[in-house]
Amino acid sequence: MTDRPDAPSALGQRAGKIDGPPKVTGAAVFADDLRLPRMLIGKILRSPHAHARIARIDVSRARALPGVHAVITGEDLPERYGVIPVSQDETALKIGKVRMVGDEVAAVAAVDEDTALAALALIEVDYEPLPEILTVEDALTRSDVLIHEDAKNGNVTKRVFQRYGNVDEGFAEADVIVEDEYLYEASTHVPLETHCAVGHYTPDGKLTVWSSTQIPHYLHRYLARVLGIDAARVRVIKPEVGAGYGGKSDPFPLEFCAAELSRRTGRPVKIAYTREEVFYAHRGRHQFKMWLKMGVKKSGEITAIDYKCWLDGGAYSSFGVVTSYYAGVFMTLPYTLPRYRFEAIRVFTNKPPAGPKRGHGAIQPRFALELHIDKAAAALGIDPVDLRRRNCVEPGTETVNGLRITSVALKECLDAVTKASGYHEKRGRLGPNRGIGLAASTYMCGANHSIYASEGPHSTVQMKLDRSGQVAIFSGTADIGQGSVEMLGRIAAEVLGISTRDMRVVEGDTDLTPVDLGSYSSRVTFMAGNAVLQAARRCRDQLAGPVAAKLGCAPADLVFRDHRIWPGDHPEWKDDPAHSLSFRQGVEVAEAATGQGIGAMGSYRPPRIGSRFRQTSVGPSPAYSFTAQVAEVTVDPETGEISIDRIWAAHDCGKAINPQVVEGQVEGCVYMGVGEALLEEHVFRGALYQSPSILEYKIPTSLDTPPIEVLLVESHDPEGPFGAKEAGEGPQLSTVPAIANAVWDATGVWMNETPFLPERVLKALEAKRKAEAKGRTAAVAPAPRGSGSGT
């Protein structure tokens, strides 16, 4: 039986989320809402030094304080961990050395928060300060100072080098070569909810941890390993999560400490990070320093790209090995590129560790490439949209580095966004200090490989049909606000012909739900969506035989819609309720006929991709989304302030399962892009974080956010669930370069560094005035064949 295209569809309908009501009424339960009997409060002591040896720790006074039930230090949890198996360089509490201000040194559990804080103040720690590494340059040159003494490559976390084709030959064929340097500043996630975990170790030797995590499955594995507990006796429950954006994709010390303190006290222990502690936990956007060289023919054909980048990774690896690959592998999209060479170097510094933030590893190089495209267009006198269109990848092709392309609607996105914005009519014609700019991008629909080596499925869903007509879906996914619960329910509802109101989704509980790898790399819609689609079809097939026999038709003729099962297009019975069964009756008939309950499992494992190049083991994805954005800005030449007047965003999401939710994701991406373009950066005074609070770390408010017009473009990916692709991360990649290109149109200056602070804008305008006074142009000039660029 196949899905009937003529039946009314639950897909593409604008509706609120299944799990929306409890969130808007305040009934949703988050980790910090949990209050267990006899629960203790945990707190973590943090290092005031960026780099120092721990000479002595004395916790005796803290342990003696009334109300304190346990104190632990690094020696109590010595097992190393790290979210990536090849870079296990963290311990829950530091042993022998601290590597950043805010490093975890000891933890306490007490009857209340005040007592816990008082206990921290009684812990005596003697430090022996060490020289600090605070920049990429220092990390690469100071071989006498090692942040991790046992690291194989000094202060270099990872170096990636890849080459495809003869790049120098490509530059020799080019009519114009554009070469420039870029800086993309570090930023952090600022989720509304801070990290929180509750550990409960019971006398029977079982551990339950509630955590505001994006990765219940991976956390489950690491809790068992670090605490030395059989994984079968560990349970991880993800309550509601108040956003993550990648910042909750690592296992964190608070989860291990809450669990260990509970094991030692025999009582539940809660640890919630303050906002300042979240800034130290970080795992946000890496600072990228980039050098990019691109050759283009007069026809607009890109001939070659040479790209180098240096990543400030902070004190620990986190996802840094993966980031080092993501820094370059996606540069071969969304434009056809015959020759490509890139090198990425991620280094350790004595700062909070960088990791995955929305658009992980791909936003920074996209910023550089999209500015480069506009610079090349200026040099050639080609319209920037036309230059992009001439180089768009096509469906059913493979990139030079082995990425497989299934569906592409980038040209349609470009058409939609330029038409809606009036881009061609406005560009260069908006008047003084006003401009319009465009950028395009692509992003993955989940990583083709799991974080640890496994041949198992990436997502499995269990589905149960009840005689009441309710359908229960059990999934290990982690809804962090992006709408994965809604997605799972709506896909199942579409297959079974019922309403999402009859869906019950149980997710993120390792005792109750089958494995899903978690919410990262925009994987959930494509992977869990395919798993639930398979489970729903299998359940429908279990109903089809008995119901068809009851109705006197072939199983293949049945239509599931409007909470009923119809005998297809029989001329006498079509749409006649008397000759159909309710969905509830269909379940009862099937149970009676088979003598068993109705339920099924569904799984998804990505196809094998990337075998042509061993190096592309990080980067291949079963599908890619595509985005085009236009930004319209006004620049005040006196103050340097940039006002974003409006942003148009066209996104190829494959198929919008629920357009209202997809639009919300696109708007959220644009909002975060605006923040990174205009406001967000990490500022340090030496090694001390200067702005570890929302008061000092600037993010846009609702008043700072421009009007956003979202245009959904559907390419119907052949392998996506009902054709769907990701929408939670990819749309952010275009925002910052679109704004930068609009600033060029308004002022004639290129903003090669983020954020575009007023002082940087004024500095660029002054440099332009001086250049013009000397008779030079600010545009990129054509370069001789094979040479460097003119600027």
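The values are calculated or read from the model by the stated rules, or taken from the named source; none is laboratory data. Values in this document were obtained by computation on a predicted structure and should not be read as measured data. Glycine gets a Cβ as well: all are built from the backbone with ideal geometry, and neighbour counts include every protein chain shown. Just the protein is used for accessible areas: all its heavy atoms, side chains included, with ligands, DNA and RNA removed. Shrake-Rupley method; radii C 1.70, N 1.55, O 1.52, S 1.80 Å.
Restricting K464, K419, K411 to those that are charged (D, E, K, R), closer than 30 Å to L223 by Cβ, open to solvent by 50 Å² or more (accessible area, probe 1.4 Å) and at pLDDT 95 or above reduces the list to K464.
Anything in the stretch 372-392 that is of a type in the set (A, V, I, L, M, F, W, C) and in a helix (DSSP H, G or I)? List them, or say none.
Restricting attention to the stretch 372-392, the residues satisfying the condition of being of a type in the set (A, V, I, L, M, F, W, C) are 373, 376-380, 382, 385, 387, 392.
If the condition is that a residue be of a type in the set (A, V, I, L, M, F, W, C) and in a helix (DSSP H, G or I), then I373, A376, A377, A378, A379, L380, V385, L387 are the ones that fit.
Number of residues in the stretch 654-713 that are assigned to a helix (DSSP H, G or I) and either in the same structural domain as S499 (by TED's automatic domain parsing) or within 16 Å of K357 (Cα to Cα) (or both): the value is 12.
Are any residues in the stretch 729-775 of a type in the set (K, R) and more than 19 Å from Y182 (Cβ to Cβ), and if so, which ones? Show your work before the answer.
We begin by selecting, within the stretch 729-775, every residue of a type in the set (K, R); these are 760, 763, 768-770, 774.
Answer for the stretch 729-775, where residues must be of a type in the set (K, R) and more than 19 Å from Y182 (Cβ to Cβ): R769, K770, K774.
Only residues that are assigned to a loop (DSSP other than H, G, I, E, B) and either in contact with a His (Cβ under 8 Å, 6 or more places away or on another chain) or modelled with pLDDT under 95 (or both) were counted in the stretch 286-306, giving 0.
Given T265, T303, which one is surrounded by 21 or more Cβ atoms within 10 Å (Cβ to Cβ) and polar (S, T, N, Q)? Give the steps one after another, and end with the answer.
Numbers: T265 fails: surrounded by 21 or more Cβ atoms within 10 Å (Cβ to Cβ).
The conditions single out T303.
On the basis of being charged (D, E, K, R), in the same structural domain as E425 (by TED's automatic domain parsing), farther than 22 Å from G314 by Cα and open to solvent by less than 10 Å² (accessible area, probe 1.4 Å), does R388 make the cut? It would help to see each step written out before you state the result.
On the way: charged (D, E, K, R): yes; in the same structural domain as E425 (by TED's automatic domain parsing): yes; farther than 22 Å from G314 by Cα: yes; open to solvent by less than 10 Å² (accessible area, probe 1.4 Å): yes.
Taking the combined requirement at face value, the residue satisfies it.
From the list E179, E75, E128, E79, the one residue that fits, being charged (D, E, K, R), outside any loop (DSSP other than H, G, I, E, B), at pLDDT 95 or above and under 23 Å from D250 (Cα atoms), is E75. Scanning the stretch 150-177 for residues that are farther than 26 Å from L403 by Cα and open to solvent by 60 Å² or more (accessible area, probe 1.4 Å) turns up D150, K152, N153. Do the conditions hold for A368, that is, is it in contact with a Phe, Trp or Tyr (Cβ under 7 Å, 6 or more places away or on another chain), open to solvent by less than 10 Å² (accessible area, probe 1.4 Å), part of a loop (DSSP other than H, G, I, E, B) and modelled with pLDDT of 95 or more? The answer is no for A368. Look through the stretch 725-771, keep the residues that are assigned to a helix (DSSP H, G or I) and β-branched (V, I, T), and return whichever of them is surrounded by the fewest Cβ atoms within 10 Å (Cβ to Cβ). Selected residue: V761. Going by what's in this entry, would E343 be described as among the acidic types (D, E), at pLDDT 95 or above and touching a Phe, Trp or Tyr at 6+ places or on another chain (Cβ under 8 Å)? So E343 fits the description; yes. The residues of the stretch 714-724 that are outside any helix (DSSP H, G or I) and open to solvent by less than 50 Å² (accessible area, probe 1.4 Å), listed by number, are S715, D717, G720, A724. Of everything in the stretch 691-713, what is of a type in the set (S, T, Y) and loosely packed, with under 14 Cβ neighbours inside 10 Å? Give them in sequence order. S693, T701, S702 - these are the residues of the stretch 691-713 that are of a type in the set (S, T, Y) and loosely packed, with under 14 Cβ neighbours inside 10 Å.
Might you let me know whether the stretch 697-717 holds any residue that is under 30 Å from P48 (Cβ atoms) and in contact (Cβ under 8 Å) with a residue 60 or more places away in the chain? Looking for residues that are under 30 Å from P48 (Cβ atoms) and in contact (Cβ under 8 Å) with a residue 60 or more places away in the chain, one finds at least one in the stretch 697-717, hence yes.
Of the numbered criteria (1) open to solvent by 20 Å² or more (accessible area, probe 1.4 Å); (2) over 25 Å from S475 (Cβ atoms); (3) part of a strand (DSSP E or B), the one C309 fails is (1).
Scan the stretch 133-176 residue by residue and report those that are assigned to a loop (DSSP other than H, G, I, E, B), touching a strand residue (DSSP E or B) at 6+ places or on another chain (Cβ under 9 Å) and hydroxyl-bearing (S, T, Y). Result: T135, single match. Only residues that are surrounded by 24 or more Cβ atoms within 10 Å (Cβ to Cβ) and part of a loop (DSSP other than H, G, I, E, B) were counted across the stretch 212-250, and they come to 13. For the residues A52, A10, A15, the requirement of being farther than 30 Å from Y452 by Cα, open to solvent by less than 60 Å² (accessible area, probe 1.4 Å) and modelled with pLDDT of 95 or more singles out A52. Looking across G67, G26, G42, one residue alone is at positive phi and either free of Cβ contacts under 8 Å to residues at least 24 places away in the same chain or buried (at least 18 other Cβ atoms within 10 Å of the Cβ) (or both). It is G26. The set of residues in the stretch 9-48 being under 30 Å from C257 (Cβ atoms) and part of a helix (DSSP H, G or I) consists of P22, K23, A31, D32, D33.
Being acidic (D, E), closer than 21 Å to G654 by Cα and open to solvent by 20 Å² or more (accessible area, probe 1.4 Å) holds for only one residue in E425, E494, E455, and it is E494.
Which one of these is assigned to a strand (DSSP E or B) and assigned by TED's automatic domain parsing to the domain that holds F256: A107, A116? Quick ask: steps written out before the conclusion?
On the way: A116 fails: assigned to a strand (DSSP E or B).
The match here is A107.
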